[in-house]
1. Would you check which residues across region 219-228 are part of a loop (DSSP other than H, G, I, E, B) and either closer than 15 Å to R49 by Cβ or open to solvent by less than 30 Å² (accessible area, probe 1.4 Å) (or both) and list them?
2. If I filter region 284-304 for residues that are open to solvent by less than 70 Å² (accessible area, probe 1.4 Å), farther than 30 Å from G29 by Cα, in contact with a His (Cβ under 9 Å, 6 or more places away or on another chain) and in a helix (DSSP H, G or I), do I get at least one hit?
3. Scan R122, R129 and give me the residue that is of a type in the set (K, R), closer than 30 Å to R260 by Cα and over 12 Å from the mean Cα position of the chain (by Cα).
4. Could you give me the residue pairs with C-beta distances under 6 Å whose first residue belongs to region 128-155 and is more than 30 Å from G253 (Cβ to Cβ), whose second residue is of a type in the set (K, R) and open to solvent by 10 Å² or more (accessible area, probe 1.4 Å) wherever it lies, and which are 6+ apart or on separate chains?
5. Within region 107-127, does at least one residue satisfy the condition of being assigned to a helix (DSSP H, G or I), out of contact with any Asp or Glu (no Cβ under 8 Å at 6 or more places or on another chain) and in contact (Cβ under 8 Å) with a residue 12 or more places away in the chain?
6. Show the residue pairs meeting these rules: Cβ distance below 9 Å; 6+ apart or different chains; first residue within region 266-295 and without any contact (Cβ under 8 Å) to a residue 40 or more places away in the chain; second residue of a type in the set (D, E, K, R) and open to solvent by 20 Å² or more (accessible area, probe 1.4 Å).
7. Would you mind finding the one in V45, V64 that is touching an Asp or Glu at 6+ places or on another chain (Cβ under 6 Å), closer than 21 Å to A175 by Cβ and among the aliphatic types (A, V, I, L, M)?
8. Would you call R280 in a helix (DSSP H, G or I), farther than 17 Å from Y6 by Cβ, open to solvent by 10 Å² or more (accessible area, probe 1.4 Å) and basic (K, R)?
Amino acid sequence: MIYLDYNATTPLRPEARAAMLPYLGAEFGNPSSVHRLGSRARVAVENARAQVARLIGARASEIVFTSGGTEANNMALFGIAAVKDGALVTTTIEHSSVLASATRLEEDGRRVHRLDVDRTGRVDLDGLRVALQHRVALVSVGWANNEIGTIQPIAEITALCRAAGAVLHVDAVQAVGKIPVVAEQTDVLSLSAHKLGGPKGVGALWVRGGVALEPRALGGGQERGRRSGTENVAGIVGFGAACQVAVVDDVTGTRTTELRERLWDGLAAAIGGVRRNSPRDHSLPNTLNVCIEGVRGEALVAGADIEDVAISTGSACAAGAAEPSHVLRAIGLTTDEARDGVRFSLGRETTVGEIDRTIDVVAALVAQVRRVQPREVVHV
């Protein structure tokens, strides 16, 4: 199968698999135990913590392991809201784990400002300046959007937040491993292992020293009291190994960008009425989101799957949802247009041949659908 759904999940890197194997067998110790098996497990966890920290330029002591990006985002929003008074500021295109957390906080009486974005998905900085004139406890924004790939101006957002005394949480799940991410540009940062070649079911929250955060899981005091519960040793070790090899360099980024643009140029040439939703600039090098006039995104995904091409209508976390993409609606598409959205997300393993085959498959499927259900095609 041609796999072009890397923003949903990535193949487990061989380095991660090899690192995990001992901890799925003979090295089964609990890292909180004081005997040799436990001590070896503790060493493995701490080595992985250092590997994760190194990738984002952080101190290992500030890494809190979680079950994934969703828990990390929940921990950040609820944990900071519990100890700091003031409003929450976020945007209309965040991941569902942030949006749902914001809604729950609002239901509990917290004031929430949801910032608009422009047609490329970039946050309204003037709107943020206005919001920060009021008492704000926390700003939560994604470094890069999972559906359309837009990269936010983190440096500018950070400067505004620090001037206002607001804590900045950044969901960097889609950014880490694809573009350079420096934790110190933020205050709290979320990561997920399976987005960069690690296993599913493990992630991390980086918390800057001095940032207060109330723990959400209470018990034995693991993770320096910030998240109790026996650590997922095998998953954490795999996460660390994936971070060890997730080196973002200009060569990789340039190659992926070239493949993305080859895909766009091929689709635009082969199909009438195709609209690009992902910006060319300030965007993840691997992400292309398009709408094809007259073809529902779900139908195209299903047809491509039959032809052994894996693509997506958007966030995997919203799979099966009847509603159109909230991200596409936020950048100005109508409800009907948003239902036509399809996301192609590339990876290190993607080849030129796979891109060309995908263009051919999509073009043939579109022609087939339009013959069966003809609609006026608007060339854009």
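1. From region 219-228, those part of a loop (DSSP other than H, G, I, E, B) are 219-222, 226-228; that's our starting set.
Residues satisfying the conditions are Q222, R226, R227, S228.
2. No, every residue in region 284-304 fails to be open to solvent by less than 70 Å² (accessible area, probe 1.4 Å), farther than 30 Å from G29 by Cα, in contact with a His (Cβ under 9 Å, 6 or more places away or on another chain) and in a helix (DSSP H, G or I).
3. Working: R129 fails: closer than 30 Å to R260 by Cα.
Just a single option satisfies the conditions, and that option is R122.
4. Qualifying pairs under 6 Å: A137/K84.
5. no
6. So the pair list comes out as A268/R276; R280/E261.
7. One residue alone meets the criteria, V64.
8. Against the criterion (in a helix (DSSP H, G or I), farther than 17 Å from Y6 by Cβ, open to solvent by 10 Å² or more (accessible area, probe 1.4 Å) and basic (K, R)), R280 does not qualify.
The values are calculated or read from the model by the stated rules, or taken from the named source; none is laboratory data. Note that the structure is predicted; figures quoted are calculated from it, not measured. When we count neighbours, we look across all protein chains shown, and the Cβ atoms used for this are built from the backbone with ideal geometry, even at glycine. The accessibility values were calculated without ligands, DNA or RNA, using every heavy atom of the protein model including side chains. Shrake-Rupley method; radii C 1.70, N 1.55, O 1.52, S 1.80 Å.
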